[in-house]
Amino acid sequence: MKRQTMYLRMITSSLVRRRSRLLVALLAVAIGATILSGLVTIYYDVPRQLGQEFRSYGANLILVPAGDEPSIDRDTAQRAVDLIPKDEVVGIAPYRYETLKINEQPTVVAGTDLEGVQKASPYWFITGEWPTSSKSVLIGQEVADLIRLTPGSSLTLNGTGAEGQAVSANFTVSGIVQTGGTEEAFVFMALADLEAMMGDSGKLNVVECSISADQDDLDKIVKNISNNVEEVSPRLVKRVTESEGTVLTKLQALVYLVTVVVLLLTMICVATTMMAVVAERRKEIGLKKALGASNKSIVIEFLGEGLFFGALGGLLGSGLGFLFAQVVSMNVFTRAISFQPLLIPVTVVVSIAITGLACLLPVRSATDVDPAIVLRGE
Amino acid sequence: MFWRMISGALFRQKGKMLMIAFTVALGASLATAMLDVMLDVGDKVNQELKTYGANINVMPKGASLLDDLYGVEEGAGVSNQYLKEEELGRIKTIFWAFNIVDFAPYLDANVDVQLHSNAGSVTAASGTSTETSVSSGGSTSSGGSANVASGTAGVELVGTWFSHHLELPTGESLDTGIKNMKSWWDVSGEWPRDDQPTSALVGSILASQKGIDVGDTLTASTQGRQQDFTVVGIFNAGGEEDEQVYVPLLAVQQLTGRAGLVSSVEVSALTTPDNELSRRAAQNPKSLSIKEWETWYCTAYVSAISYQIEEVITDSVAKPIRQVAESEGAILEKTQLLMLLITVLSLVGAALGISNLITASVMERSREIGLLKALGAHNLPISWLVLAEILITAVVGGVAGYFAGIGFAQIIGHSVFGSAIDVKPMVIPLVAVLIFVVTLAGSIPSIRLLLRLRPAEVLHGR
């Protein structure tokens, strides 16, 4: 009991009396721990965040009718969509295509879930606004050029309905779509509007799904859907999935390597600082040895201090590191980062290990030397 | 005397000074590596993003609507709207020529295809006979039609460059084509060669529908002309291309009688993310003021590159493919920002680490400084002495660290991107200033602290 009290008193008094050095050492450990926890948090979260970013390339899975069927039933499509894990879905856009006429010129009209399109195809460039009410449509740039329409003008669509009846309806143009692709020749409207016009409902030609998942997960989803929903044939949009895999792997490797290099250098930096702090106490070690302290008790005392620094600095650092990672994530991805509770003990243990190791080396060399030489200086 | 004291201190405290130099070197190498990687990461990631394929589509003026809107592909009003193949080399002569990574022309035709399978035992003999006729020139042959295995109408035959060697007017040469651009295509068999106009690459859906295998022979016919092709590969692109047949451009030009013409060109270019200026310019370049226009024209915006392509290709419309162009911009910006923030973190870490160590090493010299003061030295010379020692050490460490940092940057570049990171000269002054400021920031407060102490107290200890 007495021994322990003495031990504690020695450590606390050495910490209290050398306040400035305490600060230096603590700062060193805290910097190391901050960088450790911050970078590792970012490293874990970046693939997920960047994966989300890659969703701006649009759909990576499309559901098309299986076999020779011209369309999918809406309930069937819903069953297939339900097989995709909810938290991985970024956007789902069902499409029904019909050929109708504007001013007697045939045009492809797509009925869709406009909110779903905004999520699934974020790259669409809209002049004007997305339609908010029924009876308003988006038109492709090419259609707009051809028929000279601007946002706000109205157009009349006519054609043949589902039962062969002649149909006609007026719409307001709310916006013009630019994509650089075939979409520019289409007219887009809410699915309900198109169904009301055609006089039947529940038919879809294709469902575009934007899913935040890697290649393996996507393959699993494809297998799952084709096994369970026979009427639907899921197909991966290879251009998007393959390229995402390639680029994402590179970016992950980049963040990984950068993390390793920064951590390695920072940890060595922390170790040298700790070594400098301990090395200046050679005299104290010599004095203790002259007073009859055993090498073991001296090593234990310094390790105790190291433990204290490591634990405190590690705790401080894991908090600061998370804060930093959060700032990075909010700035870069405007999304909150997920907290990794496991990282706190890891940071603390690594900090303790590094400070312990850094303390041990100079203490060892000091205890090995004859106290008389140490006390005399040089 | 001053220098002797410094060199004395440097040599007598070799261990300690080495440690400071080592830490400074670590910090400097960290700063160099991160700055170099950060400054180059944009170019590197941009290059990686080229795996998504073309981001600009060049089409003849006016013709772009007919096919998409009406399904009109042949006949009046269509035939005269093409781009000239001979002008394609000019794409590599625009202001941003170095940013053009790849481009490939397309000319498509709707053809009837007849398959001569080499696999079947009955048709094997006829297949072989067709093959000999192909290898002996491969020009139009009607002999194959007697041995028809199956016929399909309305197959889209696309002529393109696979890996075409092009001599530029500037004297340079390059190889370009869809082999580089369509990196996600999964080809079983081989890519056709542009100098063998009878080789064909068949889409996987078409192949599985019709039972086409590598080595089979196809006869394509349209408007009374005929041409045999040998299937050298089957590709899976995961898109609508899977229902098409790709052959060298020359073959389609001959088959359709449109020598030297192409219907569209896909261009893959390195671009700068769009901003407000480029969006306005994309709407109407003439709406900009002269200064804005120059800025826009001389920046690698996708709209500026499209505009410059329109300038060199007669009667063309170059449109950015937004799916690729927008997303590239977004990802590029995010990656750069991410690297910037990580760089800032590591710079701050390195700076604090260095200044911390220097503070610690100055503090422990309280006794020496006390002795100097007791001997009657003034504050200023003492400060200079300590500062000079530390700065010399820091310079040595910083130089060593800079080169180590270049090494680290190259390790990152080679293992991640497989190419060297550009060493930017502007990193040198940045690192130098950083080290200098950090060293001063680390030593001056602690020197001042020590000067305030009274020599008797210090020498006595405590």
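The values are calculated or read from the model by the stated rules, or taken from the named source; none is laboratory data. What you are looking at is a predicted structure, and each value in this text was computed from that prediction instead of being measured. Neighbour counts run over all protein chains shown; Cβ positions are idealised from the backbone, glycine included.
Structure summary
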| quantity | calculated |
| --- | --- |
| Residue satisfying condition, being modelled with pLDDT of 80 or more, closer than 24 Å to B:VAL267 by Cβ, touching a helix residue (DSSP H, G or I) at 6+ places or on another chain (Cβ under 8 Å) and facing chain A (nearest Cβ under 8 Å), within set B:THR299, B:THR335, B:THR295, B:THR314 | B:THR335 |
| Single residue of region B:351-379 satisfying the filter (aliphatic (A, V, I, L, M) and at the interface with chain A (Cβ under 7 Å from one of its Cβ atoms)) that is nearest to the chain's Cα centre (by Cα) | B:LEU352 |
| Verdict on B:ARG258 being of a type in the set (D, E, K, R) and either assigned to a helix (DSSP H, G or I) or without any contact (Cβ under 8 Å) to a residue 60 or more places away in the chain (or both) | no |
| Test result for B:ALA304, touching a helix residue (DSSP H, G or I) at 6+ places or on another chain (Cβ under 7 Å) and part of a helix (DSSP H, G or I) | yes |
| Filter result (part of a loop (DSSP other than H, G, I, E, B) and surrounded by fewer than 22 Cβ atoms within 10 Å (Cβ to Cβ)) within region A:60-71 | A:ALA66, A:GLY67, A:ASP68, A:GLU69, A:PRO70, A:SER71 |
| Qualifying residues in region A:244-257 (those that are free of Cβ contacts under 8 Å to residues at least 60 places away in the same chain and within 8 Å of chain B (Cβ to nearest Cβ)) - the one farthest from B:LEU49 (Cα to Cα) | A:LEU257 |
| Search result, residues across region B:274-291 that are under 21 Å from B:LYS319 (Cα atoms) and surrounded by fewer than 20 Cβ atoms within 10 Å (Cβ to Cβ) | B:ASN275, B:GLU276, B:LEU277, B:ARG279, B:ARG280, B:GLN283, B:ASN284, B:PRO285, B:LYS286, B:SER287, B:LEU288 |
| Of the criteria (1) more than 7 Å from chain B (Cβ to nearest Cβ); (2) among the polar types (S, T, N, Q); (3) within 30 Å of B:LEU39 (Cα to Cα), which one A:ASN227 fails | (3) |
| Qualifying position, being touching a residue at least 12 places away in the same chain (Cβ under 8 Å) and either touching an Asp or Glu at 6+ places or on another chain (Cβ under 8 Å) or among the aromatic types (Phe, Trp, Tyr) (or both), among A:PRO47, A:PRO65 | A:PRO65 |
| Residue ID - farthest from B:PRO60 (Cα to Cα), chosen from residues in region B:273-318 that are of a type in the set (S, T, N, Q) and touching a residue at least 40 places away in the same chain (Cβ under 8 Å) | B:GLN308 |
| Out of B:ILE406, B:ILE390, B:ILE411, sole residue that is assigned to a helix (DSSP H, G or I), closer than 18 Å to B:ALA351 by Cα and assigned by TED's automatic domain parsing to the domain that holds B:MET38 | B:ILE390 |
| Boolean, B:LEU347 is assigned to a helix (DSSP H, G or I), farther than 30 Å from A:THR41 by Cβ and more than 8 Å from chain A (Cβ to nearest Cβ) | no |
| The one condition in (1) crowded, with 22+ Cβ neighbours inside 10 Å; (2) more than 11 Å from every other protein chain (Cβ to nearest Cβ) that A:GLN215 fails to fulfil | (1) |
| Region A:324-343 residues that are more than 10 Å from chain B (Cβ to nearest Cβ), paired with ones that are surrounded by 19 or more Cβ atoms within 10 Å (Cβ to Cβ) and part of a loop (DSSP other than H, G, I, E, B) (beta carbon under 9 Å, 6 or more apart) | A:GLN326/A:ILE337; A:MET330/A:ILE337 |
| Tally of residues being without any contact (Cβ under 8 Å) to a residue 24 or more places away in the chain, assigned to a helix (DSSP H, G or I) and of a type in the set (S, T, N, Q) across region B:1-57 | 1 |
| Filtered residues of region A:176-201 (kept if part of a strand (DSSP E or B) and either within 14 Å of another protein chain (Cβ to nearest Cβ) or out of contact with any strand residue (DSSP E or B) (no Cβ under 9 Å at 6 or more places or on another chain) (or both)) | A:ILE176, A:VAL177, A:GLN178, A:PHE186, A:VAL187 |
| Total residues in region B:310-327, condition part of a helix (DSSP H, G or I) and out of contact with any Ser or Thr (no Cβ under 7 Å at 6 or more places or on another chain) | 2 |
| Top-ranked residue of region A:240-260 - restricted to ones that are in contact with a Phe, Trp or Tyr (Cβ under 7 Å, 6 or more places away or on another chain) and farther than 25 Å from A:GLN78 by Cα, ranked as surrounded by the most Cβ atoms within 10 Å (Cβ to Cβ) | A:GLU244 |
| Number of positions in region A:230-243 that are of a type in the set (A, V, I, L, M), away from chain B (no Cβ under 14 Å) and not in a strand (DSSP E or B) | 0 |
| Given (1) closer than 26 Å to B:ILE331 by Cβ; (2) not in a helix (DSSP H, G or I); (3) not aliphatic (A, V, I, L, M), number of the condition A:PRO94 does not satisfy | (1) |
| Answer from A:SER297, A:SER318, A:SER329 - the residue that is within 30 Å of B:GLN47 (Cβ to Cβ), hydroxyl-bearing (Ser, Thr, Tyr), assigned to a helix (DSSP H, G or I) and out of contact with any strand residue (DSSP E or B) (no Cβ under 8 Å at 6 or more places or on another chain) | A:SER329 |
| Residue, farthest from B:PHE22 (Cα to Cα), within region B:391-421, restricted to residues that are crowded, with 23+ Cβ neighbours inside 10 Å and of a type in the set (A, V, I, L, M, F, W, C) | B:VAL416 |
| Long-range neighbours under 6 Å by Cβ, at least six apart or interchain, first residue not assigned by TED's automatic domain parsing to the domain that holds A:ALA192 within region A:78-103, second in a strand (DSSP E or B) and buried (at least 16 other Cβ atoms within 10 Å of the Cβ) | none |
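Let's see how each residue does on (1) modelled with pLDDT of 85 or more; (2) in a helix (DSSP H, G or I); (3) within 14 Å of chain B (Cβ to nearest Cβ):
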position: A:ARG3; (1), (2), (3): no, yes, no
position: A:MET10; (1), (2), (3): no, yes, no
position: A:LEU15; (1), (2), (3): no, yes, no
position: A:SER20; (1), (2), (3): no, yes, yes
position: A:ALA25; (1), (2), (3): no, yes, yes
position: A:VAL40; (1), (2), (3): yes, yes, yes
position: A:ASP45; (1), (2), (3): no, yes, yes
position: A:LEU50; (1), (2), (3): no, yes, yes
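Okay, residues lined up against (1) assigned by TED's automatic domain parsing to the domain that holds A:GLY161; (2) out of contact with any Ser or Thr (no Cβ under 8 Å at 6 or more places or on another chain); (3) within 30 Å of A:THR107 (Cα to Cα); (4) modelled with pLDDT under 90:
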residue: A:VAL187; (1), (2), (3), (4): yes, no, yes, no
residue: A:GLY199; (1), (2), (3), (4): yes, yes, yes, yes
residue: A:GLY202; (1), (2), (3), (4): yes, yes, yes, yes
residue: A:ALA213; (1), (2), (3), (4): yes, yes, no, yes
residue: A:SER226; (1), (2), (3), (4): yes, no, no, yes
